[in-house]
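Enquirer: Below is one structure. I have some questions about it.
The values are calculated or read from the model by the stated rules, or taken from the named source; none is laboratory data. Just so you know, these numbers come straight off a predicted model, no measurement behind them. Neighbour counts run over all protein chains shown; Cβ positions are idealised from the backbone, glycine included. These area figures cover heavy atoms from the full protein model, side chains too; ligands, DNA and RNA do not enter into them. Shrake-Rupley method; radii C 1.70, N 1.55, O 1.52, S 1.80 Å.
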Amino acid sequence: MQKHSPAAAPDAGFDHVECWVFDLDNTLYPVTRKLLEHIDLHMGAFVARFLGVDAEEARRIQKLYFSRYGLTLRGLMLHHNLDPARYFEEMTPMDLNEVHPNPELAAAIARLPGRRVIYTNSSVRHSSLVLERLGMQGLFEAIYDIEAAEWVPKPAIESYRRLCERHDIDPERSVMVDDIARNLEPAAALGMTTVWIKTGAEWARDVAPEPHIDHVIDDIRGWVDAVSGGLSTG
């Protein structure tokens, strides 16, 4: 099913929604250049260590697998038999000093009627630390992470089906918000209303809205404010 309404008013068309599914990184907070560099170095060092290659080759493999599978970890599992437990044992928590509290966004999200769930390709541990930094502890009833998805990342549609089954989510009465446009295609195929937060990130350059995108935004706080305000007064 394809729906065409990317230019619709930000508070329109959400009266049916029972569940709000939010991506985390670069959606609920911006991944700054400094943080992105830290992630690249962090991941690159692991890939180089695990495969026994130099930094240049590690970066090539890292970017190839991210592009092909949506997650470098997935490529390492498929092609190099990486045990994900080892990955999470060796990867230390990221430096989150670039993640700042956002009480205004937290308050707007709290006003959204219905259920709220995080769907991320990262881990529960990382997600919990980020939500704490943002001041959003307790706002979401669940964090559906890469382990819960049985290590199959977005945009594989089986992970979206598993999300809905695990948390009793009716896709036709749900919204998914993500900063990566291709991650919204399977959500739309299941019947979710899709919201693409377009950022200046490398993976968003030269990407145009396609029919599976219902709404395009560039200000998550402004959009949630508009939606929550419209629903509470509508």
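Enquirer: Out of all the residues in the range 197-212, is one or more modelled with pLDDT of 95 or more, within 16 Å of the chain's Cα centre (by Cα), in a helix (DSSP H, G or I) and of a type in the set (D, E, K, R)?
Expert: Among the residues of the range 197-212, not one is modelled with pLDDT of 95 or more, within 16 Å of the chain's Cα centre (by Cα), in a helix (DSSP H, G or I) and of a type in the set (D, E, K, R), which makes the answer no.
Enquirer: Would you mention how many residues in the range 22-53 are of a type in the set (D, E, K, R), modelled with pLDDT of 85 or more and under 18 Å from GLY75 (Cβ atoms)?
Expert: Result for the range 22-53: 1.
Enquirer: When you go through (1) open to solvent by less than 40 Å² (accessible area, probe 1.4 Å); (2) modelled with pLDDT under 95; (3) not β-branched (Val, Ile, Thr) one by one for GLU89, which number turns out not to apply?
Expert: (1)
Enquirer: Got at least one residue in the range 78-89 being in contact with a helix residue (DSSP H, G or I) (Cβ under 9 Å, 6 or more places away or on another chain), of a type in the set (Ser, Thr, Tyr) and touching a residue at least 24 places away in the same chain (Cβ under 8 Å)?
Expert: Scanning the range 78-89 turns up at least one residue that is in contact with a helix residue (DSSP H, G or I) (Cβ under 9 Å, 6 or more places away or on another chain), of a type in the set (Ser, Thr, Tyr) and touching a residue at least 24 places away in the same chain (Cβ under 8 Å).
Enquirer: I'd like to verify a number: residues in the range 131-148 that are modelled with pLDDT of 95 or more and either aliphatic (A, V, I, L, M) or under 13 Å from the mean Cα position of the chain (by Cα) (or both), how many?
Expert: Adding up the residues that qualify gives 9.
Enquirer: Does the range 16-59 hold any residues that are β-branched (Val, Ile, Thr) and not in a loop (DSSP other than H, G, I, E, B), and which are they?
Expert: VAL21, ILE39, VAL47
Enquirer: A further question follows. What residue, among those in the range 151-185 that are of a type in the set (A, V, I, L, M) and at pLDDT 95 or above, is most open to solvent (accessible area, probe 1.4 Å)?
Expert: ILE157
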